[in-house]
Structures are given as structure tokens and as C-alpha cells.
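Here is the structure we will look at.
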Amino acid sequence: MAEDSEPDQISFMLFPGSLESNVMKLLEQHSSYQLLLWHVSKKYQVVVPAKVMGRDVFHILDQMISPYTLPKNVMVSVFTKNKVVRVHYPQRNEKF
């Protein structure tokens, strides 16, 4: 294998619709995480199809969420013990 080759990556196809439904679909396709806690506005939308690639599901999640900054930044917390992903707005004392 060549030294400059890309490490193995996974991909996910975003589809027009809610960001929440796209995150749920990503978790269903690429992870063992079984519960999504959605604590942000349901108004976040994906308006055009797009392919997202990353080294793992968490990298793809970060890429999916990071453009959504209004009305506030959106943050993802992953709880590995109980296989829960929480999408929420950061608290005052929480780093983004």
C-alpha cells in the first residue's frame, strides 16, 4: 500500500429533509448507537443531497452538525456506555 494513500473511510449520503432524520439514518447505517436525544430545534434542514466522508461515524457527525450555528451552535455528545447520542445546544460552562 502506498504511503500517501487515504486511510479507510466511511461515507454517508445526506438527503434533503430534517437534520434530525439524517443523523438518525447515519446512526442506523454506521454505528451501534441506538438512541438519539434531540434537544435542539426541529427546524434544522438539509436542503441538497451531499456525500460526507470521514474516518468514523463521529467524524461524519461532526461534519454534519458543524455548519449549524443559528440560532446557536449545535453540539453532539456521545455516551459510549449506554450507546446514546445527544444533539444539543452547549451550556454556558460547556466548551464547544
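The values are calculated or read from the model by the stated rules, or taken from the named source; none is laboratory data. Remember, it's a predicted structure, so these values are computed and weren't measured experimentally. These area figures cover heavy atoms from the full protein model, side chains too; ligands, DNA and RNA do not enter into them. Shrake-Rupley method; radii C 1.70, N 1.55, O 1.52, S 1.80 Å.
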Open item on the list: Can you give me the accessible area per residue for the chain, using a 1.4 Å probe, in Å²?
Closed with: 69 Å²
Open item on the list: At 1.4 Å probe size, with the rest of the protein present, what percent of the exposed accessible area of the range 1-81 is carbon and sulfur atoms?
Closed with: 56 percent
TODO: Apply the Karplus parameterisation 6.51 cos²θ - 1.76 cosθ + 1.60, with θ equal to phi minus 60°, to every residue of the range 38-43 and state each ³J(HN,Hα) to the nearest whole Hz, in sequence, with x for glycine and proline.
DONE: 9, 10, 9, 4, 7, 7
Task: Cα gyration tensor category, rounded, prolate or oblate, for the range 45-96 with a/c compared to 1.5 - done: oblate
- [ ] Mind grabbing the accessible area of F58 for me, 1.4 Å probe, Å², rounded to tens?
- [x] 90 Å²
- [ ] Determine the relative contact order of the chain: mean sequence separation of Cα pairs under 8 Å and six or more apart, normalised by residue count, in whole percent.
- [x] 30 percent
TODO: Please determine, in degrees from 0 to 90 and to the nearest 10, the orientation of helix 19-30 with respect to the longest principal axis defined by the Cα atoms of the chain, where the helix direction is its Cα long axis.
DONE: 40 degrees
Task: Close Lys-Lys pairs in the chain, where close means Cα under 26 Å and separation is 8 or more or interchain - done: 20
Open item on the list: In 5 Å bins starting at zero, report the fraction of Cα pairs in the chain per bin as a rounded %.
Closed with: 2, 12, 23, 24, 19, 10, 5, 3, 1, 0
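By its C-alpha gyration tensor, with a ≥ b ≥ c as the square roots of the eigenvalues, how is the range 18-62 shaped: rounded for a/c under 1.5, else prolate for a/b larger than b/c, else oblate?
In terms of gyration-tensor shape, oblate.
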